[in-house]
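See below for the structure under consideration.
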Amino acid sequence: MCGIFAYLWDKEATPYLLNWLRSLEYRWYDSAWVCVINNEKNIYLKKATWRVSNLASKIQGENKNLNNFNTWIAHTRWATHWKVTENNTHPHFSNNDRFYVVHNWIIENYIDLKKELEKKYDFYSDTDTEVVAKLFEDLFEKDLVTTLKKVLNKIEWAYAIAVMDKENPFEIVWAKLWSPLVVGIWIWELFISSDSNALKWITKEFISLEDNEYVVINNTGYHIYSGEEKLNKKSEEIEHNEDDDKLWNFTHYMEKEIYQMPEVYGNAISWKVNFEEHTIWSNTLEKLWNLDFEKIEIIASGTSYYSAWVGAGYFEELSGIPTTIHVSTEFKYKRHFIDDKTLYIFISQSWETADTRDCLKIVKERWGHTFGLVNVVGSTIARLTDMWLYTHCWTEIWVASTKAFTWNLAVLLLMALHLWNKRDLDYNKYREILSEMESLQDKMTKVLANANKIKALAEKYSKYKNMFYLWRNLLFPIALEGSLKLKEITYHHSEAYPSGELKHWPLSLVDENFPVVSINPTWKFYEKNISTMKEVKARDWIVIWVVSENDENKNLYDDVIEIPNTSLELTPFTISIALDLFAYFTANHLWREIDKPRNLAKSVTVE
Ligand code: F6R
């Protein structure tokens, strides 16, 4: 799971390259390198473990003149299998020091290939990619493209592979299967990356490569092929929001993105809802409901999965449509019953998540109806779904997901309401929720105005290494998401349970060092949650109470986070802000590296 960036140019480009690497670093940050070749067939290669800043210091320290170098590749790595060492850092090269290879994803048959190649070549790293470099030497015939085809026949997926040949310095060849790859075009300059985000400073014009296509970039331009056939692919415009990378006055991107949640909600609904007429307008949804399905299945991972879970609640409770949710990693390997009476919804913030994309392929192969909530224009999954709605929350820079969660909730709620209205269900209730949605953005902003109180609580509880988050019914996944955020960035342990489950076993873990966050903002289940909390208080253990303003029982508990009153269906929007802030302030107090939590990558492009 790495970020690749390459281009051909005729001048010193180190500062640009390092900048572009930094723009990929939001996703991967275990090691980085830069490799360049010039017309005299000289190679300059620098590698560094961990941050791009380490690589920058190394390069700047050497102060080497790279003016006449023209073929550049750079890469940030997230270690999927092997240790973070310079030897394991790409690019990997052949024994004859001729072929330099960079690769995303995993070559699944690399062990067998390596056993054979070890008889002839010395290996210096543990990686599968080094096997590919050795294969180029072993199978070389005529030129890079001919050899590439022979190499691709040997390796078992998946990959985005770039290869440079020292003997032919003004050429890079790229091939892809499953792993994303885009060509960026800016007047006469050509760039390639695994992420259009890395090219956003340069161009809006992109060509996305499909599986089994390969591209040759040389001094005559770019040439895309599928097998022997030369393709004439059109470029498309991909917009990026320049504000994404600006931190403004915030300390971390996570903080900034939490503060954007009310605006993201506003954007998600503004162009679809007419509050005066109580209507939701969407051509895409009109077409979608014409598919005449009887049930919905939603497939996603991580935070997107928790938003799917809330969405399932909306579809069942509001639209009366049976809805099942699946974690992508599990759906892939279960027995499938795909039929044309089911709508399959896929959610992914990055839209490159391999597990979710694999599920989409499974459903498509069996002719299921597919629909996507898409954040990245031109991304792999976006191109595969039958219909989709684009996110208007722009790129999330920090690793864990925040504002995309809000956007997903907003769109799933709109979908459920739209469908509800079409099915002629209780119109009064529909109007009630819709009217309340008009003031929701202000209520979300009000939670942010309360940030200092949440900060004080987070600091007070940051010494506890374990925590439970409890809620029940429709909105239990918000407890799961709050707990996920806490453990993801603080490295403290936390779990979420439906509160009714507490006495079935989790209570045995609770003691004076194990606080319970109980979420109880609405009248529905209020009494039941109170009685669960009494089970905790009867033992004198700690309860943090997340409740609506003016809750009459708030003095009974140790500490309180107050949330503006809303109906049950809208509480996920406000509470998720409060819980994200709680996790953020806890991590900040513990001096965690919040935007780059240990061991994680933003976009999980391998299985
Ligand atoms: C958690 C988080 C991850 C992602 C998951 C799916 O904060 O960010 O759990 O939600 O990896 O990613 P996408 O939505 O890009 O498919």
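Figures for the structure shown
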quantity: Computed E for Arg335/Asn19 - FRET, C-beta separation, R0 56 angstrom, nearest 0.05; calculated: 0.70
quantity: With eigenvalues of the C-alpha gyration tensor scaled by 5 and rooted, region 3-237, Å; calculated: 24, 22, 17
quantity: Spin-label pair Asn553/Lys446, simplified geometry with 7 Å Cα→Cβ offset, distance in nm; calculated: 2.2
quantity: DSSP-loop trypsin sites (Lys or Arg not before Pro) across region 291-370, with at most 16 other Cβ within 10 angstrom; calculated: Lys334, Arg335, Lys341, Arg366
quantity: Residue-span extension gain [Ile187 to Tyr526] - 0.36 nm each, minus C-alpha spacing; calculated: 115.8 nm
quantity: Extent along principal axes [Cα atoms of region 246-441; Å; largest to smallest]; calculated: 50, 41, 24
quantity: Accessible area in square angstrom per residue, the chain, 1.4 angstrom probe; calculated: 40
quantity: Order of exposure, largest accessible area first, which applies to Asp128, Asp122, Asp595, Asp138 with probe 1.4 Å; calculated: Asp122, Asp138, Asp595, Asp128
quantity: Cα-centred dipole magnitude for region 254-329, charges only on beta-carbon of K, R (+1) and D, E (-1), debye, nearest 20; calculated: 180
quantity: Peptides 165-175, 67-77, 36-46, 569-579 ordered by average Cβ neighbours within 10 Å, highest first; calculated: 569-579, 67-77, 165-175, 36-46
quantity: Distance between region 264-310 and region 241-259 - C-alpha centres, whole angstrom; calculated: 26
quantity: Cβ-based charge dipole, the chain, positive-most Cα from Asn197, Cys35, Gly227; calculated: Cys35
quantity: Compactness of region 450-607 as Cα Rg over 2.2 N^0.38 Å, two decimals; calculated: 1.01
quantity: Helix 403-422 vs. the chain, principal-axis angle (Cα, 0 to 90°, nearest 10); calculated: 60
quantity: Rg(Cα) / (2.2 N^0.38 Å) computed for region 414-537, rounded to two decimals; calculated: 1.27
quantity: The chain, relative contact order in percent, only Cα pairs under 8 angstrom and at least six apart counted; calculated: 12
quantity: Cα extents of region 2-108 along the three principal axes, largest first (Å); calculated: 36, 30, 21
quantity: Inter-label distance for Ile202 and Tyr491, nm, one decimal - labels placed 7 Å from Cα along Cα-to-Cβ; calculated: 3.6
quantity: Summed residue charge, Cβ within 13 Å of Tyr497's Cβ, Lys/Arg positive, Asp/Glu negative; calculated: -1
quantity: Residue-level accessible surface for Trp388, protein heavy atoms, 1.4 Å, Å²; calculated: 90
quantity: Nearest-10 value in Å² for the accessible area of Arg22, using the 1.4 Å probe; calculated: 100
quantity: For Glu213, distant residues with modelled amide H under 5 Å away; calculated: Lys176
quantity: From phi via Karplus (6.51, -1.76, 1.60), per-residue ³J(HN,Hα) for region 561-577 in Hz, x at Gly/Pro; calculated: 10, 9, 10, x, 5, 8, 6, 3, 5, 9, 4, x, 5, 7, 5, 4, 5
quantity: Rounded to the nearest 10 Å², the accessible area of Lys114 at probe 1.4 Å; calculated: 30
quantity: Given charges at Cβ of Lys, Arg, Asp, Glu: the chain dipole, positive-most of Asn555, Ser282, Asn599; calculated: Asn599
quantity: Distance between region 93-157 and region 500-571 - C-alpha centres, whole angstrom; calculated: 58
quantity: Rounded to the nearest 20 debye, dipole of region 450-607 from Cβ charges on Lys, Arg, Asp, Glu; calculated: 260
quantity: Reach of Lys58 by Cα under 16 Å, taken over lysines that are not fewer than 8 positions away in the same chain; calculated: Lys46, Lys47
quantity: Candidate lysines - alpha carbon under 21 Å from Lys537, same-chain residues fewer than 8 apart omitted; calculated: Lys460, Lys463, Lys465, Lys503, Lys528, Lys554
quantity: Relative contact order of region 3-237, defined on C-alpha pairs under 8 angstrom at six or more residues apart (%); calculated: 20
quantity: Label point distance in nm, Glu237-Lys150, each placed 7 Å from Cα along Cα→Cβ; calculated: 4.5
quantity: In region 166-319, lysine pairs with alpha-carbon atoms under 22 angstrom apart (chain gap of 8 or more, or interchain); calculated: 16
quantity: Cα centroid of region 164-222 to Cα centroid of region 402-481, whole Å; calculated: 41
quantity: Unit charges on C-beta of K, R, D, E only; dipole of region 246-441, Debye; calculated: 560
quantity: Whole-number Å³ per residue for the convex hull built on Cα positions in the chain; calculated: 166
quantity: Cα long-axis angle, helix 427-438 against the chain (0 to 90 degrees, to the nearest 10); calculated: 60
quantity: Value of relative contact order over region 246-441, rounded to a whole percent, pairs C-alpha under 8 Å and six or more apart; calculated: 26
quantity: 222 nm mean residue ellipticity, helices alone, for the chain (DSSP H n ≥ 4; -39,500 (n - 2.57); rounded to 500); calculated: -10500 deg cm²/dmol
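The values are calculated or read from the model by the stated rules, or taken from the named source; none is laboratory data. Since the model is a prediction, treat every value here as computed from it, not as a measurement. Positions of Cβ are generated from backbone atoms using ideal geometry, with glycine treated the same way; all protein chains shown enter the neighbour counts. Ligands, DNA and RNA are excluded from the accessible area calculation, which covers all protein heavy atoms including side chains. Shrake-Rupley method; radii C 1.70, N 1.55, O 1.52, S 1.80 Å.
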